[in-house]
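Novice: Let me give you the structure first, and then I'll get to my questions.
The values are calculated or read from the model by the stated rules, or taken from the named source; none is laboratory data. Computed from a predicted structure; not experimentally measured. Neighbour counts are summed over all protein chains in view; Cβ atoms, including those assigned to glycine, are modelled from backbone coordinates with ideal geometry. Side chains included, ligands, DNA and RNA excluded: accessible areas come from the protein's heavy atoms. Shrake-Rupley method; radii C 1.70, N 1.55, O 1.52, S 1.80 Å.
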Amino acid sequence: MAVVAGLPRSFAAPWERVGLNAPIPVAEAVRERRLVWVGGEEDMALHYPRIAVVLPYPFALAALPVATASRVYGAVYVTWPGSHPPELSDRERRELTTACDRLALRLERAAAQNRSVRAESDLLDTGPLGGVSDTLGTLEAARMVARLPYGLCSLDLSGRVGFANAAASELLDVPVRTLLGSQLWAAVPWLNDPVYEERYRAALISQHATSFVALRPPAEWLSFRLYPSTTGLTVRISRARAVSEMSPSEARAGDAPTRLVSMSQALSLAGALTETVSVHDVVGLVAEEIAPAVGSEALMLLGAQAGRLHVLGQHGYPDPHTAERFDGMPLSAPTPGARAVAHGVPAFFDSRQQLEHLYPALRSTPDGFAAWAFLPLIASGRPVGACVLAYSAPHRFSTHERAVLTSLAGLIAQALDRALLYDVKHQLAHGLQAALLPPSLPSLPGIEATARYLPATRGMEIGGDFYDLVPSPPLAAAVIGDVQGHNVTAAGLMGQIRTAVRAYTTVGQEPAEVMRSTNRLLIDLGSELFASCLYLRLDPVHGRAVMARAGHPPPLLRRADGRVRVLDLAGGPLLGIDASATYPTTEVELTPGCVLALYTDGLIETPGVDIEDAIADLGRRLGEAGDRPLEELADELVGHYATAEERIDDVALLLLRAGTAPDGGHG
């Protein structure tokens, strides 16, 4: 932003630097090399909800590119009070376009002559005083103002006090010398609230008189009336007698805000919407914060997919079946919800009579409400659904209220669009994970088994941890592994490794050969990912297990007497590193009642905790768990991780308990 004229630079602070792809008028004017006109609050809310939330005031604007045939130098951004007609006149359009063309030619000549263009200071000239000095003398003017029973303050365009009479000082309980040169809300402590500063902004931008009441501690209410012009504002301060007769709590309850949603509220709601993740989060936020803020008693959030509406959530409807008539409704249906989505235009009905006049078919389906707002949810130029707000009594929607609701709908649409994508991604990730991991473990004679898997909470909530139990009578095989990464690539490679291990086991390869074959396969696939793995050939008849390890955390063995041992097995490098690597095996005795705990590093790795201490802690918990059922034991070992709000890695756990061998021996 090079220069500001007529308003403080702080008003335009969000546009000090603007990306050319930003969804705002000035960037659009440059991108498309055309005049962009916004005729008022509703027009702004419909097309530029981001600006409508930051500046929710009645004003019109035009943005024009400063460009020649070969180059764009910048843009000019002009605003008018809300009283401006909704259309730009031919004369205004011609003069604006001509002025920008002349400016572009001057910049082109300056560039051709290699002359730099000096930066200008912001233009906040107060202009002429309108002949006041010709009407009465300065001394007489001061005497006249001093005689007035109410306070008067003069504010410049930046909100600084240039004049205050004695009555203003008395009412505000602040000396005149403290007021002069200071912003009113900064000099008066109990006016230091964004709501009051917003009234000043609203008056200055809209050029309409605005007013508010404020409580001067401990119990006196004052009325403020702001009269704006292009040179500043005049503030009239008086006692709000009707309000003063009430107690402070009664006054707060009955003092309805002059705006549906203040700027600070709107920014707070916008910030809250950016924190939503799932569709459930969006529905909850709209129900708990946005609907009460706009006075709605019920709401319904509708999604649009494949040419039909789908109910994403509802709140406040006494009959839970009310939403059923919307679910699956085609967008071509003659209903306000479907038409709001199909045409992208909001619809407001102040009463049931208005609704039934345009949609007679709805007379047979009353929902117990008397006024409605049907707001299309448009994200990136495409409909994602609609938000239906219902009111229990007839409700007149003012122009400002319609603009605010439409602006909020734009923010809801962006949040809902992100949430829908997240939910699809979430369903895809969990569906893929479920398809790659065994849906259940097979029942093996002499071996009891259970498993747990917890996805990471970062990324796609899908990872490379895997486990499997493969029957190969009279033997069996158990495997657990971890492919690095928490994405689709890691999950896909995990599925290939698990399938390969199953295949090599089925054809009768020994544990060492299974690991070597899997390692060569991973290298042949050309993947840049590595994997750790622990493979066990179980022999329940003879009560033993042969294990091979590739860079995986050591298993834990809990004896029937409760003692726990870390099986520090010999092993080879991670799979996928060295094609010639070998993987030695270790044989372990499995006595009846002993438990083998196979796990991935997500169960033991904690920032700041030594890995050996973490393994020892897991062994301690395994030993203290006693001879409880295997399912309860698994829940106990992963309990802390299952309830954690954030897991940086996924977790897999496979527990095996040796029982009585099928032939009656030990196993």
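Novice: Under a plain spin-label model, where a point goes 7 Å from the Cα along Cα-to-Cβ, how far apart in nm are Ser392 and Ser116?
Specialist: Placing both labels 7 Å along Cα→Cβ, they lie 6.7 nm apart.
Novice: Apply the a/c threshold of 1.5 to the C-alpha gyration tensor of region 434-547 and tell me whether it is rounded, prolate or oblate.
Specialist: Oblate shape, in that a/c is at least 1.5 and b/c is the bigger or equal ratio.
Novice: If I take R0 = 25 Å and measure r between the Cβ atoms of Asp327 and Lys425 in this structure, what FRET efficiency does the formula 1/(1 + (r/R0)^6) give, to the nearest 0.05?
Specialist: With R0 = 25 Å, the Cβ-Cβ based efficiency is 0.60.
Novice: By accessible area of protein heavy atoms, probe 1.4 Å, what ranking do Met547, Met1 get, highest first?
Specialist: Heavy-atom accessible area, descending, gives Met1, Met547.
Novice: Quick one: compute a quarter of the convex hull surface over the Cα atoms of the chain and quote it in nm².
Specialist: 45.4
Novice: Oh, and also: List the residues of region 191-211 whose backbone N lies under 16 Å from a point placed 7 Å from the Cα of Tyr227 along the Cα-to-Cβ direction.
Specialist: Under cut-off, by backbone N: 203-204, 207-211.
Novice: Now, a different point. Tabulate in residue order the Karplus-calculated ³J(HN,Hα) for region 651-657, using 6.51 cos²θ - 1.76 cosθ + 1.60 with θ = phi - 60°, rounded to whole Hz; enter x for Gly and Pro.
Specialist: Those phi angles translate into 10, 10, 9, 10, 10, 10, 10 Hz.
Novice: Output ³J(HN,Hα) for region 535-544: one whole-Hz value per residue in order, computed from phi by the Karplus curve 6.51 cos²θ - 1.76 cosθ + 1.60 with θ = phi - 60°, and x for Gly and Pro.
Specialist: Once rounded to whole Hz, the list reads 10, 10, 9, 8, 10, x, 5, 9, x, 8.
Novice: Still on this structure, I have one more. Taking a label point 7 Å from the Cα of Leu630 along the Cα→Cβ vector, which residues of region 474-493 have an amide N closer than 16 Å to it?
Specialist: 475-480
Novice: In nm, to one decimal, how far is the Tyr196 label point from the Thr499 one, both placed 7 Å along Cα→Cβ?
Specialist: 7.1
Novice: May I pose another question? Show me the ranking of peptides 277-288, 215-226 by mean Cβ neighbours inside 10 Å, starting with the highest.
Specialist: Sorting 277-288, 215-226 by mean packing, highest first, produces 277-288, 215-226.
Novice: Take the alpha carbon gyration tensor of region 1-48, find the square roots of its eigenvalues, order them as a ≥ b ≥ c, and report rounded if a/c is under 1.5; if not, report prolate when a/b exceeds b/c, else oblate.
Specialist: It comes out oblate by the Cα gyration axes.
Novice: Give me, ordered by chain and number, the residues 5 or more places off Cys594 or on other chains with an amide H under 5 Å from its own placed amide H.
Specialist: Under 5 Å from the amide H of Cys594: Ala560, Ala658.
Novice: Next question. Please work out how much length the chain gains when fully extended from Arg91 to His280, using 0.36 nm per residue of separation minus the C-alpha to C-alpha distance, in nm with one decimal.
Specialist: Roughly 62.9 nm would be gained on extension.
Novice: List every residue whose amide H lies under 5 Å from the amide H of Leu444, counting only residues 5 or more places away in sequence or on a different chain, with H placed 1.01 Å from N in the peptide plane.
Specialist: none
Novice: Here is a further query. Considering amide H positions built from the backbone, and no H for Pro or chain starts, which residues 5 or more places from Arg239, or on another chain, come under 5 Å of its amide H?
Specialist: Those lying under 5 Å, H to H, from Arg239 are Ser223.
Novice: Hey, another quick one. Set the Förster radius R0 to 45 Å, insert the Cβ-Cβ distance between Val507 and Arg559 as r into 1/(1 + (r/R0)^6), and round the FRET efficiency to 0.05.
Specialist: Step by step, r from the Cβ atoms, then E = 0.85.
Novice: Further, regarding this structure: What is region 529-667 by shape, rounded, prolate or oblate, if you read a ≥ b ≥ c off the alpha carbon gyration tensor as root eigenvalues and call it rounded for a/c under 1.5, prolate for a/b larger than b/c, and oblate otherwise?
Specialist: oblate
Novice: Considering only protein heavy atoms, with the full assembly of protein chains and a 1.4 angstrom probe, order Thr274, Thr98 by accessible area, largest first.
Specialist: Largest accessible area first, the residues go Thr274, Thr98.
Novice: May I ask you to give the percent of accessible area on region 340-419 that is carbon plus sulfur, with a probe radius of 1.4 Å?
Specialist: Its accessible area is 55 percent carbon and sulfur atoms.
Novice: What FRET efficiency do you get for Ser440 and Arg143 if R0 is 56 Å and r is their Cβ-Cβ distance, rounded to the nearest 0.05?
Specialist: 0.05
Novice: Moving on to the next point. Filter the DSSP H helices in the chain by two things, a Kyte-Doolittle mean of at least 1.0 and an axial alpha-carbon span of 15 angstrom or more, and list the hits by number.
Specialist: Passing helices, by number: 263-274.
Novice: Still on this structure, I have one more. Probe radius 1.4 Å, ligands and nucleic acids left out: which of Ile480, Ile577 has the largest accessible area, and how do the rest follow?
Specialist: Ile577, Ile480
Novice: PRE reach from Glu289 (point 7 Å along Cα→Cβ): which of region 43-84 fall under 17 Å by backbone N?
Specialist: 50, 53-54
Novice: Separate question: Find how much the distance from Ala209 to Thr582 grows on full extension, using 0.36 nm per residue of separation minus their present alpha carbon separation; answer in nm with one decimal.
Specialist: 125.8 nm
Novice: Just to check I understand the Karplus step: with θ = phi - 60° and J = 6.51 cos²θ - 1.76 cosθ + 1.60, what whole-Hz values come out for region 64-76, glycine and proline as x?
Specialist: Calculated HN-Hα couplings, in order: 10, x, 9, 8, 9, 5, 10, 7, 9, 9, x, 7, 10 Hz.
Novice: Something else about it: Let me cross-check Leu46: its accessible surface, 1.4 Å probe, with only protein heavy atoms counted, in Å² to the nearest 10?
Specialist: 80
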